[in-house]
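Novice: Here it is, the structure, as structure tokens.
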Amino acid sequence: MSNYHIKHLEEYFQVYRKSVRDPEAFWEEIAEEHFSWRKKWDRVLRWDFSKPEVAWFEGARLNITENCLDRHLATQGEKTAILFEPNDPGEQAQHITYRQLHERVCRMANVLKEQGISKGDRVCIYLPMIPELAVAVLACARLGAIHSVVFAGFSSNALATRINDCQCKMVITSDGSIRGSKTLDLKAIVDAALESCPGVERVLLVKRTGGEVTLVPGRDTWLQPLLDGASPACEAEVMDAEDPLFILYTSGSTGKPKGMVHTCGGYMVYTAYTFKNIFQYRDGDVYWCTADIGWITGHSYIVYGPLANGATTVLFEGVPTYPDHGRFWKVVEKHRVTQFYTAPTAIRALARESLEYVEQYDLSSLKVLGSVGEPINEEAWHWYNNNVGKGKSPIVDTWWQTETGGIMISPIPFVTPTTPTYATLPFIGVQPALMDDEGNEIKGNQVSGRLCIKFPWPSMARTIWGDHQRYHDTYFSTFKNNYFTGDGALRDAVGYYRITGRVDDVIIVSGHNLGTAPIEDSINEHPAVAESAIVGFPHEIKGNALYGFVILKETGEGRDRENLRREINQQITEQIGPIAKLDKIQFVPGLPKTRSGKIMRRILRKIACRDTADLGDISTLLNPEVVQEIMDESL
Ligand code: 6R9
């Protein structure tokens, strides 16, 4: 039966209808036929969005690593599971077979166990894109420890916040990372973070750069000698389907990051099923997703989804621009990559450079191209389609979120006809709805509204770590009995969805979610700053860039503006990371506010976007006069 692998449009509609008419029967069949369970579920789905409470495959027992590793050993143990392409093109690529990966994961799991980690413990993984990152993730899953991967570009402050929020006992890191021509001293960042993380008992270190590090006695240990001494076999912990698998932090529109909690059973079923269909993965393919495992895209579509399908997944340490702008295409040619999944920001950066960087490589192995992280603009879409896909590889524009765990709206290649800038149709089992401001569903086509999901899907996050109330308030309180995504969307005449962007205070910069509040908090901590507001404005490569409006304290008034700008960005870099730096900083006498004291970002956004012809009604503002002053001095 082809429910698992959809091959033409009629079949998509058929399977979609079935998945919506009787979701439980549908997902039960998928779960039953394509995974190995230690024990089957007592019930497929229990849910109540008002609480919210969602449980899939309750009562089932499994270990996701048995599905990603063990079960492939009998039939394809010698197949490459992870194809590691190092940063330096001169360093040899590594083909890690399923058997080798299984062994490495077991050794690592045994080390973690010896170091005191057991089921339910939280382990922070702060590593560059090297095989040990995937191995550490899977080793945690093997033991039932909850991994919390923190992208190794976050600063020590951001790292400490994440470690403390979920009380990690251990950090797995490396001496450093190498990306492009830059090396980063990760151990020093961890050391600084741990000054404020009293709960961390152990730090395990992978050697990557060979840079000098100081080990804190009793806390820090090199990993390799421990791995060498560990047994290559490790029984998998048998987990409940609803036990947490991992925590992954995403920016919120207010305050601290949200630790989204994903669970074992539903996450496995959904990421594996979407991977198979959305990339039309066939045996023998070489699949490459260029994301970092520090983001959800890497979790679901570098590690879990591909490995659950016994696929070969490329793990790339480097950057698209090193040693030159042809690196992606060089790697595609070298490994005969068949599916290539990247972000619009990378496409835009490469599209600016000479076409020779693309044309000198043989890209004929490519079958499917993917895009994720932000809306892909028309120009970038065509460049990708013409120059990389040569007009023959469908582009799957995949819309989804950290919270959704897997792809939600996307074409199925060779099945769904694509249209530039449209994520097209909901994936099997996904029930989107568009809402108006009053909270009513807008039915029919050629409409736009706020994008919600009406019905649970297996890989949805179950809660925010330690703060279920916030989970409820953020996602389930705006529209009754619906999951609210925070995005706006339109549905065209044929029912295709186009994501129009965030409708909350999250700005997507180079595909990374940034909440305005934590950045403003960071700016406001500068001694010369009284208040600030940031908004996004269009940027050729990053999609959006950040524009900050900053009110200085009297003490700051006399200071050199350029120095202040530098200091503010330095502060943001230290507290959040370089991705959150502001492109423009305008010092202003005041910020437009409503009478209840809320900053009117709508107006600031228009000023930042140089779209001030129609500012709307500003007469209700507390301080309308400030708007003209800000406009006169805008950058
Ligand atoms: C997977 C991921 C989620 C936000 C999401 C939306 C934006 C992601 C998109 C897209 C338009 C696409 N987004 N994919 N917008 N088209 N194909 O990116 O997760 O980091 O949590 O970001 O990214 O605004 O709400 P995450």
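Novice: Tell me which of these Ser231 doesn't satisfy, since it passes every other one: (1) under 30 Å from Leu73 (Cα atoms); (2) crowded, with 19+ Cβ neighbours inside 10 Å.
Specialist: Unmet condition: (2).
Novice: Return yes when Arg470 is within 13 Å of the ligand (Cβ to nearest atom) and either surrounded by 21 or more Cβ atoms within 10 Å (Cβ to Cβ) or of a type in the set (Lys, Arg) (or both) and no when it is not.
Specialist: Values: within 13 Å of the ligand (Cβ to nearest atom): no; either surrounded by 21 or more Cβ atoms within 10 Å (Cβ to Cβ) or of a type in the set (Lys, Arg) (or both): yes.
It is false that Arg470 is within 13 Å of the ligand (Cβ to nearest atom) and either surrounded by 21 or more Cβ atoms within 10 Å (Cβ to Cβ) or of a type in the set (Lys, Arg) (or both).
Novice: State yes or no: is Ile453 more than 22 Å from Val503 (Cβ to Cβ) and either under 21 Å from the mean Cα position of the chain (by Cα) or within 12 Å of the ligand (Cβ to nearest atom) (or both)?
Specialist: No.
Novice: Name the residue that is farthest from Pro426 (Cα to Cα), counting only residues in region 2-16 that are surrounded by 12 or more Cβ atoms within 10 Å (Cβ to Cβ) and free of Cβ contacts under 8 Å to residues at least 40 places away in the same chain.
Specialist: For region 2-16, the residue satisfying everything is Asn3.
Novice: Among the residues of region 196-233, what is the count of those that are more than 31 Å from the chain's Cα centre (by Cα), farther than 19 Å from Leu186 by Cβ and part of a loop (DSSP other than H, G, I, E, B)?
Specialist: The total comes to 6.
Novice: Quick one: what pairs do we get from region 366-385, first residue over 17 Å from Gly406 (Cα atoms) and hydroxyl-bearing (Ser, Thr, Tyr), second within 13 Å of the ligand (Cβ to nearest atom) and outside any loop (DSSP other than H, G, I, E, B), C-beta under 7 Å, 6+ apart or different chains?
Specialist: From region 366-385, the pairs are Tyr384/Ile347; Tyr384/Leu369; Tyr384/Ile395.
Novice: Something else about it: Can you confirm whether Glu10 is assigned to a helix (DSSP H, G or I), under 22 Å from Pro417 (Cα atoms) and acidic (Asp, Glu)?
Specialist: In short, yes.
Listed here are the residues, each with its yes/no results for (1) modelled with pLDDT under 95; (2) surrounded by fewer than 19 Cβ atoms within 10 Å (Cβ to Cβ); (3) on the phi > 0 side of the Ramachandran plot.
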{"position": "Asn513", "(1), (2), (3)": "yes, no, no"}
{"position": "Pro518", "(1), (2), (3)": "yes, no, no"}
{"position": "Asp521", "(1), (2), (3)": "yes, yes, no"}
{"position": "Glu531", "(1), (2), (3)": "yes, yes, no"}
{"position": "Tyr547", "(1), (2), (3)": "no, no, no"}
{"position": "Gly556", "(1), (2), (3)": "yes, yes, no"}
{"position": "Asp560", "(1), (2), (3)": "yes, yes, no"}
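Novice: Restricting to region 382-440, what's the tally of residues that are within 29 Å of Cys264 (Cβ to Cβ), assigned to a strand (DSSP E or B), within 13 Å of the ligand (Cβ to nearest atom) and aliphatic (A, V, I, L, M)?
Specialist: Adding up the residues that qualify gives 2.
Novice: How many of the residues in region 88-99 are touching a residue at least 12 places away in the same chain (Cβ under 8 Å) and either part of a helix (DSSP H, G or I) or small (Gly, Ala, Ser) (or both)?
Specialist: Of the residues in that region, 3 qualify.
Novice: Only one of Ala139, Ala74, Ala109, Ala55 is part of a strand (DSSP E or B) and of a type outside the set (Asp, Glu); which?
Specialist: Every option except Ala55 fails the conditions.
Novice: Identify, from the list His299, His325, His335, the residue that is at pLDDT 95 or above and either among the small types (Gly, Ala, Ser) or buried (at least 22 other Cβ atoms within 10 Å of the Cβ) (or both). Show your work before the answer.
Specialist: Numbers: His325 fails: either among the small types (Gly, Ala, Ser) or buried (at least 22 other Cβ atoms within 10 Å of the Cβ) (or both); His335 fails: either among the small types (Gly, Ala, Ser) or buried (at least 22 other Cβ atoms within 10 Å of the Cβ) (or both).
Only one candidate qualifies: His299.
Novice: What number goes with the only condition from (1) touching a residue at least 40 places away in the same chain (Cβ under 8 Å); (2) not in a helix (DSSP H, G or I) that Arg605 does not pass?
Specialist: It is condition (2) that Arg605 fails.
Novice: Just checking, which of Ile464, Ile507 is β-branched (Val, Ile, Thr) and within 13 Å of the ligand (Cβ to nearest atom)?
Specialist: Ile507 is the lone residue from the list that is β-branched (Val, Ile, Thr) and within 13 Å of the ligand (Cβ to nearest atom).
Novice: Give the number of residues within region 335-381 that are part of a loop (DSSP other than H, G, I, E, B) and either away from the ligand (no atom under 16 Å from the Cβ) or under 22 Å from Asp285 (Cα atoms) (or both). Before the answer, list the steps.
Specialist: As a first pass, look at region 335-381 and keep what is part of a loop (DSSP other than H, G, I, E, B): 336-338, 343, 352-355, 360-367, 373-377.
From the residues that got through so far, the ones that are either away from the ligand (no atom under 16 Å from the Cβ) or under 22 Å from Asp285 (Cα atoms) (or both) too are 336-338, 343, 352-355, 360-367.
Of the residues in that region, 16 qualify.
Novice: Still on this structure: Report yes if some residue within region 177-189 is in contact with a Leu (Cβ under 9 Å, 6 or more places away or on another chain) and either within 30 Å of Asp70 (Cβ to Cβ) or within 16 Å of the ligand (Cβ to nearest atom) (or both); otherwise report no.
Specialist: No, region 177-189 contains no residue that is in contact with a Leu (Cβ under 9 Å, 6 or more places away or on another chain) and either within 30 Å of Asp70 (Cβ to Cβ) or within 16 Å of the ligand (Cβ to nearest atom) (or both).
The values are calculated or read from the model by the stated rules, or taken from the named source; none is laboratory data. Not measured: the values here are computed from a predicted model. Quick reminder, even Gly has a Cβ in these numbers, built from the backbone with ideal geometry, and neighbours come from all protein chains shown.
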